[in-house]
1. Which one of the conditions (1) closer than 25 Å to TYR282 by Cα; (2) without any contact (Cβ under 8 Å) to a residue 24 or more places away in the chain; (3) in contact with a Ser or Thr (Cβ under 7 Å, 6 or more places away or on another chain); (4) open to solvent by 80 Å² or more (accessible area, probe 1.4 Å) does TYR335 fail to meet, given that it meets all the rest?
2. Considering only segment 215-241, state which residues are open to solvent by 50 Å² or more (accessible area, probe 1.4 Å) and in contact with a His (Cβ under 9 Å, 6 or more places away or on another chain).
3. Is segment 72-85 home to any residue that is among the polar types (S, T, N, Q), under 30 Å from THR162 (Cβ atoms) and open to solvent by less than 30 Å² (accessible area, probe 1.4 Å)?
4. Just one of ILE295, ILE265, ILE276, ILE283 is of a type outside the set (S, T, N, Q) and surrounded by fewer than 20 Cβ atoms within 10 Å (Cβ to Cβ); which is it?
5. If I go through segment 182-205 residue by residue, how many of them are β-branched (Val, Ile, Thr), in a loop (DSSP other than H, G, I, E, B) and either in contact with a Cys (Cβ under 7 Å, 6 or more places away or on another chain) or buried (at least 19 other Cβ atoms within 10 Å of the Cβ) (or both)?
6. Tally the residues that are among the basic types (Lys, Arg) and in a strand (DSSP E or B), restricting the search to segment 302-334.
7. Would you call LYS212 assigned to a helix (DSSP H, G or I) and either aromatic (Phe, Trp, Tyr) or surrounded by fewer than 17 Cβ atoms within 10 Å (Cβ to Cβ) (or both)?
8. Collect the residues in segment 120-153 that are over 29 Å from the mean Cα position of the chain (by Cα), open to solvent by 20 Å² or more (accessible area, probe 1.4 Å) and of a type in the set (A, V, I, L, M, F, W, C), keeping them in residue-number order.
Amino acid sequence: MDIKAIILAAGKGTRMKSETTPKVLHEIMGKTLLGYVMDNVKLFTKEQYVIVGHQSEAVEKYITDNYDSAKTVLQSPQLGTGHAVSMVCPYLENYEGQVLILCGDTPLIKEDTLKKFVEFHNSNNSDLTVMSTIFDNPTNYGRIIRENDNTLKCIVEEKDATPEQKAVKEVNAGIYCLNWGKIKNAFSQLKTNNAQGEYYLTDIIQWGKEQKLNVNAFILENSDEIYGINSRQNLAQATKIMNLRKLDELMTSGVTIVDPRCTWISEDTQIGQDTIIYPSTYIEGKNIIGKNCKIGPCAHLRGGVEVCDNVKVGNFVEVKKSKISSNTNVGHLSYIGDSELGEHVNIGAGTITANYDPLSKVKSKTVLKDNVKIGSNSVLVAPVTVEEGANVGAGSIITKNISSWALAITRAPLKVLENWVKRKI
């Protein structure tokens with residue numbers, strides 16, 4: 001089935017109070033709000049069109065750098081959500097398939113939910129389907145108004161709703177599935193006769209009814225999934241919801257989370273059975289952690305990390321863009337960045353991989369082969385390779401490659417001045 005997606009990401013996000021970052025590029029655990037939406041649609045849509053506006057250059061760069069199948073379309077001026085979708089019409093002039101429309105500030109929506117939404121659309125032979133949900137407090141959301149036979153009649157925005165309509169608890173979730181060939185003409189016929197003076201996307205519902213098309217609404221059971229981000233408070237709440245959802249998924253699959261109240265794990269992190277995550281651990285970005293590992297407490301994995309089976313990452317350890325092979329131990333108070341650690345490696349407490357040259361601004365790689373032992377309080381200055389079985393003495397600074405089974409030590413000779421303290425008293 002040919003499906004394309006339109007993602008609305010042109011808004012300024014005034015309540016975010018940010019001068020430098022457009023709303024959709026704010027992050028939850030290392031990934032942007034827009035990134036979550038894009039990742040959930042890219043696997044089953046052929047192309048994605050991202051509507052950009054406010055700080056469009058930054059959003060365009062993000063899309064170009066991360067999504068090959070996506071195109072950005074500029075909306076200027078910004079005259080409403082219906083106007084935003086109309087910007088894509090020239091690109092889809094001869095397209096007859098389906099179009100999924102989403103907002104770029106709803107990171108909690110799941111891929112599985114979107115697939116069920118499209119399946120509902122198809123099974124009901126719909127020409128236009130809108131996603132809805134039930135809120136006990138529906139304030140500020142467009143209300144779903146149904147016909148007497150329970151089919152969809154229209155969507156009424158809060159500012160245009162009558163008191164009777166405002167009492168309706170079923171609201172518009174802001175996600176649409178369209179048979180584009182039948183709906184595309186609506187976008188050239190939208191009017192601005194509303195309180196905002198804008199072209200509302202919701203008005204395509206009424207247009208579809210007037211054209212005698214099959215219009216339906218799909219009720220989303222978990223309303224958290226369409227939680228929108230409009231403020232820093234919303235961002236914090238969405239982070240909490242996403243995290244608790246992820247922790248529950250992990251515990252159900254056999255991972256021990258010692259204290260879910262103070263453990264944070266990104267949605268894109270995979271963890272194997274019987275691994276234990278200790279309190280105050282923060283794991284962001286995309287990572288793979290194997291079975292029977294121990295992570296934390298107070299560990300920080302920053303993304304691009306692969307941890308194989310039976311690995312221990314101790315307390316106050318930071319790991320970034322590195323692979324740690326099976327049966328390896330990374331002691332506490334260490335930093336492992338841009339590194340590759342072999343099997344049965346032991347990293348002593350306080351070890352640092354110095355991977356960044358601030359003058360050239362180049363990050364280099366540290367490689368520790370199998371059975372390497374690094375003494376406490378050592379610094380490995382990349383690029384550097386320590387071959388199999390080599391040992392590095394505690395307190396050493398390693399600036400060149402170390403051969404197999406060698407001992408590398410840069411410690412200054414110990415000097416003892418007898419009775420020095422007594423002479424100073």
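The values are calculated or read from the model by the stated rules, or taken from the named source; none is laboratory data. A quick note: this is a predicted structure, and the numbers were derived from the prediction, not measured. With ideal geometry, Cβ positions are generated from the backbone for all residues, glycine too; neighbour counts draw on all protein chains shown. Accessible surface is based on the protein model in full, side chains and every heavy atom, while ligands, DNA and RNA are left aside. Shrake-Rupley method; radii C 1.70, N 1.55, O 1.52, S 1.80 Å.
1. TYR335 satisfies all of (1) closer than 25 Å to TYR282 by Cα; (2) without any contact (Cβ under 8 Å) to a residue 24 or more places away in the chain; (3) in contact with a Ser or Thr (Cβ under 7 Å, 6 or more places away or on another chain); (4) open to solvent by 80 Å² or more (accessible area, probe 1.4 Å) except (4).
2. Within segment 215-241, ARG232 is the sole residue that qualifies.
3. no
4. The unique qualifying residue is ILE276.
5. 1
6. 3
7. Criteria not met by LYS212.
8. ILE145, the sole residue that qualifies.
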